[in-house]
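Have a look at the structure below before the remarks.
The values are calculated or read from the model by the stated rules, or taken from the named source; none is laboratory data. None of the values given here were measured: they were computed from a predicted structure. For neighbour counting, all protein chains shown are included, and Cβ atoms are generated from backbone atoms with ideal geometry for every residue, glycine included. Surface areas here come from the heavy atoms of the whole protein model, side chains and all, with no ligands, DNA or RNA. Shrake-Rupley method; radii C 1.70, N 1.55, O 1.52, S 1.80 Å.
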Amino acid sequence: MTEVETTFEIPFPPAAAWKALGEVCIGRSDPEQEPREWWIPGFENKAVEVEREADARLTVRKAQQPCEGTLLAITFEHVDTGTRIRVVQSGFDENFVRGAGEAFWTHSEHIFADLEL
């Protein structure tokens with residue numbers, strides 16, 4: 001299985017980055033409530049929470065096409081300048097990736113750029 005990954009830094013502490021992500025939790029005013037469905041910016045797709053450690057890590061599984069079933073792991077690490085965010089999307093079928101060619105990687109870069117914004 002193929003995975004795509006990016007890392008970027010933002011000038012805010014991990015708790016602020018986590019809060020900003022939590023504010024896009026679908027249909028909930030409190031991201032701590034169950035069930036936890038997420039709409040991750042850039043991925044434009046419902047995702048169901050698999051694992052969560054507040055202010056540190058969120059793993060979700062995409063619940064809709066395109067790329068339904070792939071995992072998205074987002075980690076938040078404190079650094080001197082704010083927060084380093086690492087995003088890994090995994091579970092892509094090798095034949096799909098080969099068939100899409102360079103467009104697969106270009107599209108991934110665009111999605112990650114949207115998330116960073």
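Projecting the Cα atoms of S108, V88, T70 onto the charge dipole of the chain, computed from C-beta unit charges around the Cα centre, puts T70 farthest toward the positive end. The largest accessible area among W38, W105 belongs to the first residue in W105, W38, and the rest follow in falling order (1.4 Å probe, all chains). Placing dummy labels 7 Å off each Cα toward the beta-carbon, the span from W105 to E77 is 2.3 nm.
For the chain, with all protein chains in place and a probe radius of 1.4 Å, 52% of the accessible heavy-atom surface sits on carbon or sulfur.
Computed 3J(HN,Hα) for the stretch 80-93, one whole-Hz value per residue from the Karplus formula 6.51 cos²θ - 1.76 cosθ + 1.60 where θ = phi - 60°, is 4, 8, x, 9, 9, 10, 10, 10, 10, 10, 10, x, 6, 5, glycine and proline marked x. Each Lys and Arg Cβ is given +1 and each Asp and Glu Cβ -1; about its Cα centre, the chain then shows a dipole of about 160 debye.
Listed peptides 58-64, 74-80 appear in the order 58-64, 74-80 once ranked by packing, highest mean of other Cβ atoms within 10 Å at the front. Close amide H partners of N45, meaning residues 5 or more places away or on another chain with modelled amide H under 5 Å apart, are I40. The listed residues L115, L71 rank as L71, L115 when sorted by accessible area, largest first, using a 1.4 Å probe. The mean sequence separation of alpha-carbon pairs under 8 Å and at least six residues apart, normalised by the residue count of the chain, gives a relative contact order of 32 percent. Here the dipole of the stretch 58-106 is about 100 debye; that uses its Cα centre as origin and unit charges on the Cβ of Lys and Arg (positive) and Asp and Glu (negative). Here the sum of -39500 (n - 2.57) over DSSP H runs of 4 or more residues, divided by the residues of the chain, equals -8000 deg cm²/dmol at 222 nm, to the nearest 500. Only protein heavy atoms count here; under a 1.4 Å probe, R57 has an accessible surface of about 80 Å².
Quick one: which residues, 5+ away or cross-chain, put their amide H under 5 Å from the amide H of T70? H built at 1.01 Å from N. The list, which skips near neighbours in sequence, is K62.
Inter-label distance, S90 to E53: 1.5 nm, where each label sits 7 Å from its Cα along the C-beta direction.
Once both axes come from the Cα atoms, what is the angle between helix 102-116 and the longest principal axis of the chain, in degrees from 0 to 90, rounded to 10? Long axis of 102-116 versus the principal axis of the chain: about 10 degrees.
Taking a ≥ b ≥ c as the square roots of the eigenvalues of the alpha carbon gyration tensor, the chain is oblate, as a/c is not under 1.5 and a/b does not beat b/c. Phi angles across the stretch 10-20 convert, under the Karplus curve 6.51 cos²θ - 1.76 cosθ + 1.60 with θ = phi - 60°, into 3J(HN,Hα) values of 10, x, 9, x, x, 4, 5, 5, 4, 4, 4 Hz, Gly and Pro given as x. Computed with a 1.4 Å probe over protein heavy atoms only, the accessible surface of the chain comes to 58 Å² per residue.
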